[in-house]
1. Taking Cα atoms of segment 1-119, Rg/Rh with Kirkwood Rh, to two decimals?
2. Simple spin-label model, 7 Å along Cα-to-Cβ: E147 to D124 in nm?
3. If you wrap a convex hull around the Cα atoms of segment 66-175, how much volume per residue is inside, in Å³?
4. Work through the residues other than H7 whose Cβ is under 9 Å from its Cβ and net out their charges, Lys, Arg +1 and Asp, Glu -1.
5. Measure nothing but the geometry: give the 0 to 90° angle between the long axis through the Cα atoms of 25-36 and the longest principal axis through the Cα atoms of the chain, rounded to 10°.
6. Quick check: at a probe of 1.4 Å, how many percent of the accessible area of segment 29-126 sits on carbon and sulfur atoms?
7. What is the helix-to-structure angle for 60-70, meaning the angle in degrees between its Cα long axis and the longest Cα principal axis of the chain, kept from 0 to 90 and rounded to the nearest 10?
8. If we count every other residue with Cβ under 14 angstrom of T58's Cβ, Lys/Arg +1 and Asp/Glu -1, where does the sum land?
Amino acid sequence: MPSTLVHVAVGGLVGAALLGRWFDARSVGVALVAAAVPDLDSFTSMLLPGSHRALLHTLLLPLVLAALVAYDTRIREPERSAIRGRWGARGVAVAWVGVAALLCGGIFPDLFTNGVNAFYPLHDAFYSISGRAEWSSTRGFVQTFVELRPASPPTTETLHYSTVVDPSPGAEPETVERVAPLASSGTELMLVVLGAGVVGGRLLSERLRGPAGEPAE
């Protein structure tokens, strides 16, 4: 499963792509933190069994946050907007990028790999968008992303995702192995390296340009 490092790397790519002229260490830091937030539910699984990949991986979380940002920045009067009042236009941009990083960096890598409880707590079921799509000379177009006869999806009562905090359901034996994944495949390692390279490169570029957009002396 994608590690928190992979989530942060994708969040950094989202920030680098969307922040535009607002890109700096603090603004991209918001994107990095937002991408890591969903993995915090790995700590809640010990108190609320099955909550990992559910409590903070639900698609309802970015939906609610997007609604709050939209209300505060688009519906409320500008002088009453909490985000505009404190951070101005920069705050609005960073808020939207934070929501995008949470969705694309924090939730999507898990949804497109092992699955998340996409509509928890309104609907307790884990869904995964994983499979393959290909064209065969004998079978034609073949895809396994959407099952025509889907089986009943697992729920928080029947599915447990192993984490370094909670490796297995119930009490852990003294000899239990705790594994904190960093990169579980070449693709994940590529994302980590790419994310670090893009964010680091942009930060260095902004620093060399100076505060006014001119080359630093």
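The values are calculated or read from the model by the stated rules, or taken from the named source; none is laboratory data. All values derive from a computational prediction rather than experimental measurement. Backbone-built Cβ (ideal geometry, glycine too); neighbour counts: all protein chains shown. Areas reflect the complete protein model, heavy atoms only, side chains present, ligands, DNA and RNA absent. Shrake-Rupley method; radii C 1.70, N 1.55, O 1.52, S 1.80 Å.
1. 1.01
2. Here the modelled spin labels are 2.0 nm apart.
3. Each residue corresponds to 224 Å³ of Cα convex hull volume.
4. Neighbour charge sum, excluding H7 itself: -2.
5. Compared with the principal axis, the helix lies near 10 degrees.
6. 71 percent
7. Here the helix axis deviates by roughly 20 degrees.
8. -3
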